[in-house]
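Comments concern the structure below.
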Amino acid sequence: MNELDLKTVGVRGINSQLHGLAQDTNEKHWVIRNPMGQHNIACGVSAPLQIEIHGHVGFYCGGMNKDAELTVHGHAGVGTAENMMSGVVWVKGNSSESAGATGNGGLLVIDGDASSRCGISMKGIDIVVGGSVGHMSAFMGQRGNLVVCGDAGDALGDSIYEARLYVKGKVASLGADCIEKEMRIEHLADLERLLKAAKRREKPSEFRRYGSARKLYNFSVDHADAY
């Protein structure tokens, strides 16, 4: 195990160290201490590393992650795992706005709550939130899955494309073109896989599924006033 003290080497020092590791490195387990809420910690990591951050982090932690397994033992700021490509980012506390924004792949797990716009413009990422999410979550969600074990705020899935949304609790309101959809066998199986990956104990049968009504895909003159 290798330890890095952010208070000593700074964010640039930590990221430079992680970026300099080869794909076949033997130094796979890294611990980052004293993050002090700093921004951009462990961004752009592209090696199969196991990274543990002990403390709270600021904006964009784990952004552009590829192959690494990153665990934050604390809370996270705006844009956690933004544009994530693969691997795992796991926040043991709460996460602020736009968690998993534009994520292309991988798994983002937030044990606590996520704020507004969780999964905005998601493009293939899987997100599991143990608590609740704020308004406009999965706005323009294109691909991937958002699992919410708590409640969802207003305008869930506004202008959604083909992302799948699963919510156990209450939904304050649905956004434009987002509707409740049938939960079929394949959806229950996929949800079970995601809950298991996030070490959740909820049952797939306790959730409802939401997705696109596909009415905004093409312009309709009959609905011109809505555009």
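Listed values, structure above:
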| read-out | value |
| --- | --- |
| ³J(HN,Hα), Karplus 6.51/-1.76/1.60, whole Hz, each residue of region 15-20, x for Gly, Pro | 5, 4, 5, 5, 5, x |
| Rg over Rh [alpha-carbon atoms, Kirkwood Rh] for region 38-101 | 0.91 |
| Amide H contacts under 5 Å for LYS181, placed H, 5+ residues apart | ARG209, TYR210, GLY211 |
| Mean separation of Cα contacts under 8 Å, 6 or more apart, over the residue count of the chain: relative contact order % | 10 percent |
| Label selected from [x] 258; [y] 117; [z] 131, the criterion being volume of the Cα convex hull per residue in Å³ as computed here | [y] |
| Hydrodynamic radius of region 141-197 per Kirkwood, over alpha carbon pairs, in Å | 11.8 Å |
| Those aspartates and glutamates that a straight Cα-Cα span of less than 12 Å connects to LYS92, excepting residues fewer than 8 apart in one chain | GLU52, ASP111, ASP113 |
| Lys, Arg +1 and Asp, Glu -1 on Cβ, resulting dipole of the chain about Cα centre, debye, nearest 20 | 300 debye |
| Degrees separating the helix 185-197 axis from the principal Cα axis of the chain, which is the longest one | 20 degrees |
| Cross-link pairs LYS123/LYS181; LYS28/LYS66; LYS66/LYS168; LYS123/LYS203 - those with Cα-Cα distance over 22 Å | LYS66/LYS168; LYS123/LYS203 |
| Sequence-distant residues sharing a close amide H with VAL31 (under 5 Å, placed H) | ASN2, GLU3, LEU4, GLU52 |
| Exposed-loop-free span, longest in the chain, where GluC sites (Glu not before Pro) count as exposed if DSSP calls them loop and at most 14 other C-beta atoms lie within 10 Å | 28-161 |
| Karplus-derived 3J(HN,Hα), 6.51/-1.76/1.60, for each residue of region 128-140, Hz, glycine and proline x | 10, 10, x, x, 10, 10, x, 5, 6, 5, 6, 4, 6 |
| Fraction of antiparallel bridges per DSSP, the chain only, in percent to nearest 5 | 15 percent |
| Neighbour-limited loop hits for trypsin sites (Lys or Arg not before Pro), region 167-207 (at most 15 other Cβ within 10 Å; DSSP other than H, G, I, E, B) | LYS170, ARG184, LYS199, ARG201 |
| Alpha carbon centroid spacing (whole Å) that separates region 1-60 from region 166-183 | 37 Å |
| Whole-Hz couplings from phi, Karplus 6.51/-1.76/1.60, listed for region 153-163; x for Gly and Pro | x, 5, 6, 4, x, 4, 6, 6, 9, 10, 5 |
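Each value in this text was obtained by applying a stated rule to the coordinates, not by laboratory testing. Everything numeric in this text was worked out from a predicted model, so none of it was measured. No Cβ is skipped: glycine too gets one built from the backbone with ideal geometry, and neighbour counts run over all protein chains shown.
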